[in-house]
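The values are calculated or read from the model by the stated rules, or taken from the named source; none is laboratory data. Just so it is clear, the structure is predicted and the values come from calculations on it, not from any experiment. So basically every Cβ, Gly included, is an ideal-geometry build from the backbone, and we count neighbours across all protein chains shown.
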Amino acid sequence: MLKKHSDFPPYKWQLKEAFGTLSFHCSLINIDIIAIRLIENEEIIILSYRGKHKVGYIYEGTKLTARAAFNAFNDAPEDYNDLERYSKAYEGRIEVLEPPKDNYVFISDMEISKENNVKM
């Protein structure tokens, strides 16, 4: 199990308190956002996974060069399921920050949740 070292990304009540109503773009549906904190300089690189496949990253910091940020992205596993192994292999150098599994997307005061309508 991956270590949870922070409340990043924050819980939905923290987001709502800080930002009010949030919205999302439909192209981000089924995208998992994982943050990698580089312990040495406290910089964070945000990785995106669609399904189990790594598809991109965002770096908004100032301490890394574009090449160093890209190298950090390349070092991360291609498969989301390998994050635990990656976290152990780089222990002491990185922290893997995941959102809580029970986070939901909300629009205004309404929560969006998945309902299974299985007919038997």
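Looking at region 22-63, which of its residues are of a type in the set (Val, Ile, Thr) and in contact with an Asp or Glu (Cβ under 7 Å, 6 or more places away or on another chain)?
Matches in region 22-63: ILE34, ILE39.
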Which number in (1) modelled with pLDDT under 95; (2) among the aliphatic types (A, V, I, L, M); (3) in contact with a Ser or Thr (Cβ under 7 Å, 6 or more places away or on another chain) marks the one condition that LEU83 misses? (3)
What about GLU95, is it surrounded by 11 or more Cβ atoms within 10 Å (Cβ to Cβ), modelled with pLDDT under 95, in contact with a His (Cβ under 6 Å, 6 or more places away or on another chain) and not basic (Lys, Arg)? yes
Given (1) more than 18 Å from SER48 (Cα to Cα); (2) touching a Leu at 6+ places or on another chain (Cβ under 6 Å), number of the condition LEU64 does not satisfy: (2)
Does region 67-77 include one or more residues that are within 25 Å of LYS12 (Cβ to Cβ) and aliphatic (A, V, I, L, M)? no
Does LYS3 qualify as being modelled with pLDDT under 75, farther than 22 Å from LEU64 by Cα, surrounded by 15 or more Cβ atoms within 10 Å (Cβ to Cβ) and not polar (S, T, N, Q)? no
